[in-house]
Amino acid sequence: MNEPDALSKKVIGIIGGGQLGKMTAIVATKLGQKTHVFASAKDDPACSVADDFTIADFSDKKALESFAQSVDLVTIESENIPCSAIDIDVNFYPGKKALHIAQNRLREKDFIRSLSIKTAEYKSIQNYNELLKNSRAFGYPTRLKTTEMGYDGKGQYVLENDSEVKQFASFDWNTEYILEASVDLLKEVSIVVARDKNGKVAFFPIAENYHVDGILDTSTVPAKIDSKLTQEVQRAAKKIANALDVIGILAIEFFVTKDNELLVNELAPRPHNSCHWSLDACNVSQFEQLVRIICGLPMQEVVLRFPCITKNIIGNDIYDSHKYLSNEKASLTIYGKKEVRDKRKMGHVNIDLS
């Protein structure tokens, strides 16, 4: 007799050893699954909770092939890995197309526009003259970003005028860049959409996000938006997830303009910082939903049990984080990163707002 799916143990390979991999591995254990983390350093957070780990560079083909042979399926905790890292003979979630599109900002925006979904205005930038011309055409301020590998404000430059652009006259243009026009911003919101192997989707509540210096500071649910905008966010999320053929979860960040126009900012085909409140405030977290889907377990409809805010603990704030332990409405998570650095996410706290 075959073992029921709920009791069958799978070995989940997780590429990336950060806090998202760690929280995924913890949930996998809760559901009776095993995990094997592929990380670049043995003191990465996810290695402390995984059943097994491989320490190697993401470009180490031999190590990746050995890793693939030891697991039943593979998922990621970051899109900032080379596509060659998933060119291995094992089922990969959320899917190679989703990773390929999401890890390049220019490809991402072109793809979103191809679905007749709006984004901010943007241009590919190859040299200084293009930067100056398009910055003037968009009107200041503009934002210059690397097309790949930038996150939490890294690889991004806010340009306020011609004189600031002129600093890029002797810039190294060997890296691909994208220039984005400013928007008349009212607020930033995000949604995580889950999609199972049958194409069924489930939405997490929409969060309202606040950033400081390009880094997410707080996410609050439910977002203060009307039902019309809520439906528009969900329609766009479903359309993008279906077009990417996502199996797993997909986070989508949006700008809401002062004219109530909705613009897609970025995609992330993995668990997302703006949905950590789901660990405490929902019947199923984003991490459990991911593990359920990729292991062939039933996907849950998501229920928000109470309004909640996630506050990120960044850099030296970690030394003061234990103050939250005396708050009966707070749930503290410390990631276990060995080195404290400025602007580095060290943990988060979820606070019940009811």
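The values are calculated or read from the model by the stated rules, or taken from the named source; none is laboratory data. All values reported here derive from a predicted model rather than from experimental measurement. Reconstructed Cβ throughout: ideal geometry from the backbone, glycine too, with neighbour counts over all protein chains shown. Surface areas here come from the heavy atoms of the whole protein model, side chains and all, with no ligands, DNA or RNA. Shrake-Rupley method; radii C 1.70, N 1.55, O 1.52, S 1.80 Å.
Which of the residue pairs LYS61/LYS123; LYS10/LYS337; LYS34/LYS338; LYS224/LYS329; LYS22/LYS323; LYS97/LYS345 have a Cα-Cα distance greater than 32 Å in the structure shown?
From LYS61/LYS123; LYS10/LYS337; LYS34/LYS338; LYS224/LYS329; LYS22/LYS323; LYS97/LYS345, over 32 Å: LYS61/LYS123.
Between LYS197 and THR175, 0.36 nm times their residue separation minus their Cα-Cα distance comes to what?
Roughly 4.3 nm would be gained on extension.
Quick one: with all protein chains in place, what share of the accessible area of region 232-354 is carbon or sulfur, to the nearest percent (1.4 Å probe)?
45 percent
Counting only DSSP beta bridges with both residues in the chain, tell me the antiparallel percent, nearest 5.
If we restrict to bridges inside the chain, about 80 percent are antiparallel.
In square angstrom, rounded to the nearest 10, how much accessible surface does TYR128 have for a 1.4 Å probe?
Using a 1.4 Å probe on the heavy atoms, I get roughly 40 Å².
What span do the alpha-carbon atoms of region 166-318 cover on each of the three principal axes, reported in whole Å from largest to smallest?
Per principal axis, max minus min of the Cα coordinates gives 55, 37, 32 Å.
Remind me, what semi-axes does region 88-187 give for its equivalent ellipsoid, largest first in whole Å, using sqrt of 5 times each Cα gyration tensor eigenvalue?
28, 17, 12
Between region 278-321 and region 1-74, what is the C-alpha centre distance in whole Å?
Taking the Cα centre of region 1-74 as reference, the centre of region 278-321 is 19 Å away.
Would you please put 195-201, 34-40, 17-23 in order of how densely packed they are, using the mean number of other Cβ atoms within 10 angstrom per residue and starting with the highest?
17-23, 34-40, 195-201
What does the convex hull of the Cα atoms come to per residue for region 56-117, in Å³?
86 Å³
Could you give the length gained by full extension between SER40 and ASN91, i.e. 0.36 nm per residue of separation minus their alpha carbon distance, to one decimal place?
Result: 16.2 nm gained on full extension.
If packing is taken as the average number of other Cβ atoms within 10 Å across a peptide's residues, how do 179-188, 48-57 rank, most packed first?
48-57, 179-188
Stokes-Einstein diffusion coefficient for region 263-352 at 10 °C in a medium of 1.306 mPa s, Rh from the Kirkwood formula over Cα pairs: what value in µm²/s?
For these conditions, the coefficient is 109 µm²/s.
Return the tail of the calculated pair distribution for the chain, meaning the percent of Cα-Cα pairs more than 26 Å apart.
In whole percent, the long-distance tail amounts to 51.
Just check region 18-154 against the gyration tensor rule for me: Cα atoms, a ≥ b ≥ c as the square roots of the eigenvalues, rounded for a/c under 1.5, and otherwise prolate or oblate depending on whether a/b exceeds b/c.
Note, shape of region 18-154 comes out prolate.
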